[in-house]
């Protein structure tokens, strides 16, 4: 259950976006991704991409942000979403990128564009300990406006033999940059050892 008390209404959000829309988006992501859990065990990076895609789809449906309607832009360029009525060339403050990560702080992108970023922090809970019927749980949602200077280039690890990650940009000192940016944080989940785990009571 997405609890109202787990939202921080003091966290700045993109213009026109509110906690009610984020709440509906979290509910949508958790519900729709339940049938894709096997993808996580086969290719976790592909699953993270799915979480981001479903986040985009949810906000397009429940908020005043819409997907970019040009296929090449929506699939390959920034941003995933733009504020409704902002035109074909929205300003950075009207751009919203939907990202996902299973890690507590990391934030990576193929671009270093300025704009708003919403990050769906998820965990896979096959025993459904946290929520019956919800093997995928969004435990935190970060919302942050990033400037070009907030990003650092990360060289490709791919070699001549193939494999490895393509080049990306990562946020500099993400734990510090994202501090205080969690608009939603489940009170029954904590980050320990670099990953989210259910509280045992003593952590609450």
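Bear in mind that the values in this text are calculations on the coordinates, not laboratory data. As the structure is a computational prediction, the values presented were derived from the model and not from experiment. Positions of Cβ are backbone-derived with ideal geometry, glycine not excepted, and every protein chain shown enters the neighbour counts.
Highest mean packing first, where packing is the average number of other Cβ atoms within 10 Å per residue, the peptides 136-148, 172-184 line up as 136-148, 172-184. When both segment 109-141 and segment 15-34 are represented by their alpha-carbon centers, they are found 11 Å apart. Helical runs (DSSP H, four residues minimum) scored at -39500 (n - 2.57) apiece and divided by the length of the chain put the mean residue ellipticity at 222 nm at -7000 deg cm²/dmol. For segment 4-198, the Stokes-Einstein estimate of translational diffusion at 37 °C and a viscosity of 0.692 mPa s comes to 191 µm²/s, using the Kirkwood hydrodynamic radius over alpha-carbon pairs. Just to compare against my own numbers: the Cα pair-distance distribution for segment 1-51, 10 Å bins, whole % per bin, please. All Cα pairs, binned at 10 Å, distribute as 21, 39, 30, 10 percent.
Cβ crowding within 10 Å, taken as a proxy for footprinting-reagent exposure, orders 98, 63 from fewest neighbours to most as 63, 98.
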